[in-house]
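Colleague: Mind looking over this structure? Questions follow.
The values are calculated or read from the model by the stated rules, or taken from the named source; none is laboratory data. Every value quoted in this text rests on a predicted model; they were computed, and no experiment measured them. When we count neighbours, we look across all protein chains shown, and the Cβ atoms used for this are built from the backbone with ideal geometry, even at glycine. Areas reflect the complete protein model, heavy atoms only, side chains present, ligands, DNA and RNA absent. Shrake-Rupley method; radii C 1.70, N 1.55, O 1.52, S 1.80 Å.
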Amino acid sequence: MDVIKQNSQAWDKKVENGAVYTKCVSEEVIQQSKSGDWQISVTTEKSVPKNWFPNELEGVKILCLASGGGQQAPVLAAAGADVTVMDLSIKQLEQDEFVAKRDGLKFTTVQGNMTDLSCFADEQFDMIIHPVSNLFIEDVKPLWKEATRVLKEGGVLIAGFVNPLLFIFDDEQEMQGNLEVRHSVPSSSISHLTEAEILAYRQSNETIEFSHTLEDQIQGQIDVGFVITGLYEDDFGGHRMLDSYIKTFIATRAVKMRIE
């Protein structure tokens with residue numbers, strides 16, 4: 001199955017259906033951001049700590065990576081940053097463009113795969129904002145490698161990702177109140193399906209998701225030259241059964257260091 005094509009089409013469909021991660025921020029949020037009162041999230045509920053950012057965003061070059069949907073990029077642009085947002089989904093990028101036009105913002109939108117940043121120069125950005133999205137790629141290591149390449153020395157990567165424990169449980173059973181361990185890590189949402197089920201999945205416009213080990217998520221950043229300087233956990237805000245037992249999302253702040 002063509003994962004890139006499937007996920008691109010699936011996210012376009014999510015926009016059409018008004019899924020939560022495709023809903024752009026309000027005019028009020030943008031006005032507050034222009035006045036210096038801004039915040040963003042890269043997970044689900046919690047906001048990224050303000051001390052993870054420079055004191056002033058004016059002129060800071062930020063890549064919002066796999067971050068379409070009219071949420072992070074418009075807020076950061078309104079706060080003064082020089083923003084580029086890249087996403088696989090055209091319709092997600094259209095949400096960003098809608099906010100830009102509505103609220104008089106300027107930033108650049110680029111359609112592309114998060115693991116291939118070849119359209120950007122080495123050391124082009126001061127920061128990368130990468131909300132929970134690398135579950136849609138099979139291997140996160142090329143993502144971290146590309147992120148360090150396009151960041152300046154001392155640049156900051158703020159990334160959200162899924163705690164792999166979320167993936168070991170059967171989703172349908174959890175919705176019925178049962179925590180049933182079914183899947184291994186790493187794996188994918190189609191790795192346990194028959195050929196007939198995969199064909200049906202292809203026609204369903206559902207995203208293909210991949211679970212990654214914490215080693216690949218955290219040590220993977222360190223291996224390419226990042227130093228982790230911050231970490232917090234998040235959950236579904238009490239909407240999922242697992243929230244009573246464990247935080248299912250993680251955010252990290254990492255700084256690109258010189259490799260001797």
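Colleague: What are the pairs with Cβ atoms under 9 angstrom where one residue, in segment 190-209, is open to solvent by 80 Å² or more (accessible area, probe 1.4 Å) and the other, located anywhere, is among the hydroxyl-bearing types (Ser, Thr, Tyr) and part of a loop (DSSP other than H, G, I, E, B)? Sequence gap at least six, or different chains.
Modeller: Listed pairs, sorted by first residue: GLU206/SER189.
Colleague: Collect the residues in segment 101-134 that are open to solvent by 20 Å² or more (accessible area, probe 1.4 Å), farther than 26 Å from ILE208 by Cβ, of a type in the set (A, V, I, L, M, F, W, C) and in contact with a strand residue (DSSP E or B) (Cβ under 8 Å, 6 or more places away or on another chain), keeping them in residue-number order.
Modeller: Within segment 101-134, just PHE107 meets the criteria.
Colleague: Something else about it: Does any residue in segment 233-255 that is over 10 Å from ASN163 (Cα atoms) and free of Cβ contacts under 8 Å to residues at least 40 places away in the same chain come within less than 6 Å, Cβ to Cβ, of a residue that is surrounded by 15 or more Cβ atoms within 10 Å (Cβ to Cβ) and not acidic (Asp, Glu) six or more places away or on a different chain, and which pairs are these?
Modeller: ASP243/PHE236
Colleague: Out of LEU88, LEU76, LEU105, LEU117, I need the residue that is in contact with a Gly (Cβ under 9 Å, 6 or more places away or on another chain) and either under 17 Å from LYS23 (Cα atoms) or at pLDDT 95 or above (or both). Which one?
Modeller: LEU88
Colleague: Is it the case that some residue within segment 223-231 is at pLDDT below 95 and either of a type outside the set (Gly, Ala, Ser) or over 16 Å from ALA251 (Cβ atoms) (or both)?
Modeller: Taking every residue of segment 223-231 in turn, none turns out to be at pLDDT below 95 and either of a type outside the set (Gly, Ala, Ser) or over 16 Å from ALA251 (Cβ atoms) (or both).
Colleague: Another question about this same structure. If you take the residues of segment 151-163 that are surrounded by fewer than 23 Cβ atoms within 10 Å (Cβ to Cβ) and touching a Leu at 6+ places or on another chain (Cβ under 9 Å), which of them is nearest to ASP82 (Cα to Cα)?
Modeller: Only one residue fits best here, namely VAL162.
Colleague: In this structure, is THR213 among the β-branched types (Val, Ile, Thr) and crowded, with 19+ Cβ neighbours inside 10 Å?
Modeller: Judged against the criteria, THR213 is not a match.
Colleague: Right, here's the next one. Here are the criteria: (1) farther than 17 Å from ILE90 by Cβ; (2) polar (S, T, N, Q); (3) touching a Ser or Thr at 6+ places or on another chain (Cβ under 8 Å). Tell me which single one SER67 does not satisfy.
Modeller: Failing condition for SER67: (1).
Colleague: What residue, of VAL48, VAL75, is free of Cβ contacts under 8 Å to residues at least 60 places away in the same chain, out of contact with any Asp or Glu (no Cβ under 9 Å at 6 or more places or on another chain) and not acidic (Asp, Glu)?
Modeller: None of the others qualify; the one that does is VAL75.
Colleague: State which residue is most open to solvent (accessible area, probe 1.4 Å) when the search covers only segment 1-55 and only residues that are touching a Ser or Thr at 6+ places or on another chain (Cβ under 7 Å) and not in a helix (DSSP H, G or I).
Modeller: Filtering first and then ranking leaves GLN39.
Colleague: Out of the residues in segment 135-149 that are under 23 Å from ILE168 (Cβ atoms) and not aliphatic (A, V, I, L, M), state the one that is most open to solvent (accessible area, probe 1.4 Å).
Modeller: GLU138
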